[in-house]
Amino acid sequence: MKRILLILLPLILAGCAGGAQEHPPGGGGVDIKLSTYGFARTRAVDADNLESEQTIRNISIFLTDPSSGDITNSYVNVGFSTVDDYRLVTLPVEASELGTKDIYVITNYPGTDLGTLTTLSQMRTLTTPAVDKNNNLDPADGFCMYGKTLGFDFTSGETAEVYVRRACAKIRVTMTFPDAPGLSTVNQFLIANAASYTFVTYEATGLILTTDDYFNFASNLPLDDNGDGGYTGIAYIYEASAHPVLYLYTHIGGSAAAQEYSAELPLPERNHLYDCDVRIYSESATMRSAASQSYIVETDITGYDPDGREVYSDRLRKVVRP
């Protein structure tokens, strides 16, 4: 009887990749359904989890005996297709041949280096594709993801579930001008001190980045009019052990020169969402001109883990005189 291995991924998925996997003679094989954690609150495509963030370009699956560090079965860049709301992979192995296994999954890893892995120790040294100031993380490229389920008995008739997490965090910035909507209609942001890479797996430890491994975005990113009285932009950065910094730029009153504001962000954790709610108020509405006016910048930073739990909260307040 065919057993089904379920690796829960998001609800709306794009395209097909790779070739179909053939079942062993006799019609056996293990079908695998794939899905990811959401960035927060839900695993559906919604305001927190964009369809582009669900991109899967390749899938690799590794099996070990329980509590063993040696890989017994490897399926690198396996073919997959879209069936209903899932990605489907068929491994060419009988469920009865597997017995009880620990299951490890990596997605969107470039090249074929994974085919040389023979141990989990080797897997834990893998690092994600590198990015730099001119080549930031882009969801359309597919974020590197990793997940595992331990001690699954393929002969039990149960369904295995493996939740896969992105190796990056999502920064969402929303700027409003509560007492003067439209005070600045050209608004931008930039991330400084972002990590160039991180570990693929979340068990790995000891990654040491030098100052050369961190970078500032080369160009400001737009905060687009969100149609709800504010301006919103999104960026993605790798999990890291150094604090990134958020820089904000406005053009109050249509000024040619930009006003700059900054706020230190929390340490970015994988598959976490960090909402940055920025409110800019006029300190005094009786000032004669925008050029001589001061502004209060309040920034609420809230972090959510993959289960939607609030895990970080901070409020920053600055008085800025352009």
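The values are calculated or read from the model by the stated rules, or taken from the named source; none is laboratory data. Remember, it's a predicted structure, so these values are computed and weren't measured experimentally. Backbone-built Cβ (ideal geometry, glycine too); neighbour counts: all protein chains shown. Areas reflect the complete protein model, heavy atoms only, side chains present, ligands, DNA and RNA absent. Shrake-Rupley method; radii C 1.70, N 1.55, O 1.52, S 1.80 Å.
Miscellaneous remarks
- Taken as a whole, the condition of being more than 13 Å from the chain's Cα centre (by Cα), crowded, with 22+ Cβ neighbours inside 10 Å and at pLDDT 90 or above does not apply to residue 133.
Okay, residues lined up against (1) part of a strand (DSSP E or B); (2) open to solvent by less than 60 Å² (accessible area, probe 1.4 Å):
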{"site": "257", "(1), (2)": "no, no"}
{"site": "281", "(1), (2)": "yes, no"}
{"site": "302", "(1), (2)": "yes, yes"}
{"site": "307", "(1), (2)": "no, no"}
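- Residues of region 123-148 satisfying the condition of being among the polar types (S, T, N, Q) and either over 19 Å from residue 68 (Cβ atoms) or free of Cβ contacts under 8 Å to residues at least 60 places away in the same chain (or both): 127, 128, 134, 135, 136
- Flag for residue 295 being modelled with pLDDT of 90 or more and of a type outside the set (D, E, K, R): no
- If the condition is being open to solvent by 40 Å² or more (accessible area, probe 1.4 Å) and either among the aromatic types (Phe, Trp, Tyr) or within 21 Å of residue 199 (Cβ to Cβ) (or both), then region 230-249 contributes 239, 241, 243, 247.
- Checked against (1) surrounded by 18 or more Cβ atoms within 10 Å (Cβ to Cβ); (2) part of a strand (DSSP E or B), residue 151 meets all criteria but (1).
- Residue, nearest to residue 52 (Cα to Cα), within region 66-120, restricted to residues that are open to solvent by 40 Å² or more (accessible area, probe 1.4 Å) and part of a helix (DSSP H, G or I): 113
- Selection status of residue 13, of a type in the set (A, V, I, L, M) and at pLDDT 80 or above: no
- Close pairs (7 angstrom Cβ cut-off, 6 or more residues apart or separate chains): on the phi > 0 side of the Ramachandran plot in region 220-248, not acidic (Asp, Glu) anywhere: 229/176; 229/181
- Breaking point among (1) open to solvent by 70 Å² or more (accessible area, probe 1.4 Å); (2) at pLDDT below 95, for residue 225: (2)
- Some residue of region 44-64 being farther than 30 Å from residue 233 by Cβ and part of a loop (DSSP other than H, G, I, E, B): no
- Residues (open to solvent by less than 60 Å² (accessible area, probe 1.4 Å), without any contact (Cβ under 8 Å) to a residue 60 or more places away in the chain and in a loop (DSSP other than H, G, I, E, B)) located in region 176-219: 182, 193, 209
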